[in-house]
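Below is one structure, written out as structure tokens; the observations come after it.
The values are calculated or read from the model by the stated rules, or taken from the named source; none is laboratory data. These numbers come from a predicted model, not from an experiment. Quick reminder, even Gly has a Cβ in these numbers, built from the backbone with ideal geometry, and neighbours come from all protein chains shown. What goes into the accessible areas is simple: the full protein's heavy atoms, side chains included, and nothing from ligands, DNA or RNA. Shrake-Rupley method; radii C 1.70, N 1.55, O 1.52, S 1.80 Å.
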Amino acid sequence: MPSLFASYLRVYEPLTAFDRDRQAYWRRYAQEGRAVTPQEGPVRQRTAVIEALGAGWTRLPDLPDEAYLLETGEGMLVCPWNLRIRVAEAALSARDGVPAVLADAFVPPVLAGQAKAAVEDWRSGARVLEHGVPRLHEQIATWGVPLRWFVLVDPPERELVVEPGQRMLRYRTEISKARRRSSRALSVLRKSVGEAPITQAVEEVARWLEEFHPRSMVELDYGGLVDRLSEETLRGDDSPALVGAGLAGLARGEAEEASAAYDKLVARWRAIQLLERCN
């Protein structure tokens with residue numbers, strides 16, 4: 001389930017990426033003013049998922065289609081929430097590490113089977129073939145930002161607001177730029193460190209981006225993390241620059257420079273992750 005102290009990687013697609021029925025739906029959705037902002041959305045998503053978890057558990061619920069909308073000079077872009085898949089993932093997560101008797105009482109095996117099938121179909125691409133839409137448009141990470149996400153953005157793309165009640169830090173970029181950056185990073189990592197976990201992680205996010213329309217927008221949003229970080233920390237955050245410096249060092253064969261940037265980045269986000277234990 002979405003966490004208030006989470007970061008988000010989103011892809012907004014143009015209406016032309018959807019079939020005619022979906023295009024008409026999203027136009028009505030926008031005209032009726034139903035969309036919420038990324039600042040309000042996580043709480044609304046969390047509420048919808050929690051309510052669905054207590055809905056009797058006879059089948060996966062059919063939840064209304066919701067999305068974030070982004071207006072650009074070229075038209076409206078849409079980032080669907082795909083709440084049904086979120087509920088299925090939450091159902092499976094609820095059974096993890098719980099004694100079978102309790103797990104079956106909360107999430108009956110028949111429902112767990114439906115949830116597993118829904119998630120596996122989605123991840124395997126069956127959803128793409130059946131409905132003509134990509135997989136999940138939003139990735140969520142709790143208590144931190146995965147380092148691989150910073151590969152996709154550049155410092156000048158940062159948007160920062162630190163006014164009371166309106167704190168926000170995000171990066172937005174064209175998906176074409178994000179793809180080029182991930183491709184360059186993969187080339188450097190494969191030559192310098194081989195098929196290491198960081199290489200595989202970057203490759204995974206690069207493959208995810210390939211599923212979307214070429215005129216999409218990518219958004220890296222610090223989400224609720226901004227409420228746990230001081231204004232000074234937010235203003236001084238240069239994580240994308242550190243990732244860029246580390247990759248540049250690797251490309252030049254300067255291991256010490258790359259290691260210094262990586263160590264600084266890891267230490268910064270480890271400190272943020274440790275805040276979870278203080279919560």
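Of all strands (runs of 3 or more DSSP E) completely enclosed by the range 137-182, which ones contain at least 2 residues that are surrounded by 15 or more Cβ atoms within 10 Å (Cβ to Cβ) and among the charged types (D, E, K, R)?
Working: elements: 138-142, 158-161, 168-174.
Answer list for the range 137-182: 168-174.
Exactly one of (1) part of a loop (DSSP other than H, G, I, E, B); (2) open to solvent by less than 30 Å² (accessible area, probe 1.4 Å) is unmet by V205. Its number?
(1)
Scan the range 208-223 and tell me whether some residue there is in a helix (DSSP H, G or I) and free of Cβ contacts under 8 Å to residues at least 60 places away in the same chain.
So the first thing to find is which residues in the range 208-223 are in a helix (DSSP H, G or I), and the list is 208-209, 223.
Okay, now just the ones that are also free of Cβ contacts under 8 Å to residues at least 60 places away in the same chain, so none.
Within the range 208-223, not a single residue is in a helix (DSSP H, G or I) and free of Cβ contacts under 8 Å to residues at least 60 places away in the same chain.
Of the residues that make up the range 236-245, is at least one closer than 24 Å to Y68 by Cα and assigned to a loop (DSSP other than H, G, I, E, B)?
There is no residue in the range 236-245 that is closer than 24 Å to Y68 by Cα and assigned to a loop (DSSP other than H, G, I, E, B).
Would the range 110-124 turn up any residue that is modelled with pLDDT under 70, in a loop (DSSP other than H, G, I, E, B), farther than 25 Å from P38 by Cβ and not aliphatic (A, V, I, L, M)?
Checked the range 110-124: no residue is modelled with pLDDT under 70, in a loop (DSSP other than H, G, I, E, B), farther than 25 Å from P38 by Cβ and not aliphatic (A, V, I, L, M).
Output the residues belonging to the range 230-253 that are out of contact with any helix residue (DSSP H, G or I) (no Cβ under 7 Å at 6 or more places or on another chain) and buried (at least 16 other Cβ atoms within 10 Å of the Cβ). Walk me through it before giving the result.
Kept after step one, since they are out of contact with any helix residue (DSSP H, G or I) (no Cβ under 7 Å at 6 or more places or on another chain), are these residues of the range 230-253: 230-233, 235-237, 244, 248, 252-253.
Within the range 230-253, D237, G244 qualify.
What do you reckon, is S3 open to solvent by 30 Å² or more (accessible area, probe 1.4 Å), at pLDDT below 75 and either in contact with a strand residue (DSSP E or B) (Cβ under 7 Å, 6 or more places away or on another chain) or closer than 30 Å to Q273 by Cα (or both)?
Numbers: open to solvent by 30 Å² or more (accessible area, probe 1.4 Å): no; at pLDDT below 75: yes; either in contact with a strand residue (DSSP E or B) (Cβ under 7 Å, 6 or more places away or on another chain) or closer than 30 Å to Q273 by Cα (or both): yes.
It is false that S3 is open to solvent by 30 Å² or more (accessible area, probe 1.4 Å), at pLDDT below 75 and either in contact with a strand residue (DSSP E or B) (Cβ under 7 Å, 6 or more places away or on another chain) or closer than 30 Å to Q273 by Cα (or both).
Inside the range 7-51, can you point out the residues that are in a helix (DSSP H, G or I), free of Cβ contacts under 8 Å to residues at least 60 places away in the same chain, surrounded by fewer than 18 Cβ atoms within 10 Å (Cβ to Cβ) and not charged (D, E, K, R)? Outline the logic, then answer.
Step one: list which residues in the range 7-51 are in a helix (DSSP H, G or I), which gives 15-17, 20-31, 41-51.
Then keep just the ones that are free of Cβ contacts under 8 Å to residues at least 60 places away in the same chain; that gives 20-21, 23-31, 41, 43-51.
Now restrict to residues that are surrounded by fewer than 18 Cβ atoms within 10 Å (Cβ to Cβ): 20-21, 23-25, 27-28, 30-31, 43-44, 46-47, 50-51.
Q23, A24, Y25, A30, Q31, V43, T47, I50 - these are the residues of the range 7-51 that are in a helix (DSSP H, G or I), free of Cβ contacts under 8 Å to residues at least 60 places away in the same chain, surrounded by fewer than 18 Cβ atoms within 10 Å (Cβ to Cβ) and not charged (D, E, K, R).
With (1) closer than 23 Å to Y171 by Cα; (2) surrounded by fewer than 19 Cβ atoms within 10 Å (Cβ to Cβ); (3) among the small types (G, A, S); (4) touching a Ser or Thr at 6+ places or on another chain (Cβ under 9 Å) as the list, and A267 as the residue in question, which single condition is left unmet?
The one condition A267 does not meet is (4).
Taking the condition of being open to solvent by less than 50 Å² (accessible area, probe 1.4 Å) and closer than 24 Å to D237 by Cα, how many residues in the range 189-198 meet it?
Adding up the residues that qualify gives 1.
Name the residue, out of R44, R22, that is under 17 Å from G224 (Cβ atoms), of a type in the set (D, E, K, R) and at pLDDT 80 or above.
Values: R22 fails: under 17 Å from G224 (Cβ atoms).
Of R44, R22, the one residue that is under 17 Å from G224 (Cβ atoms), of a type in the set (D, E, K, R) and at pLDDT 80 or above is R44.
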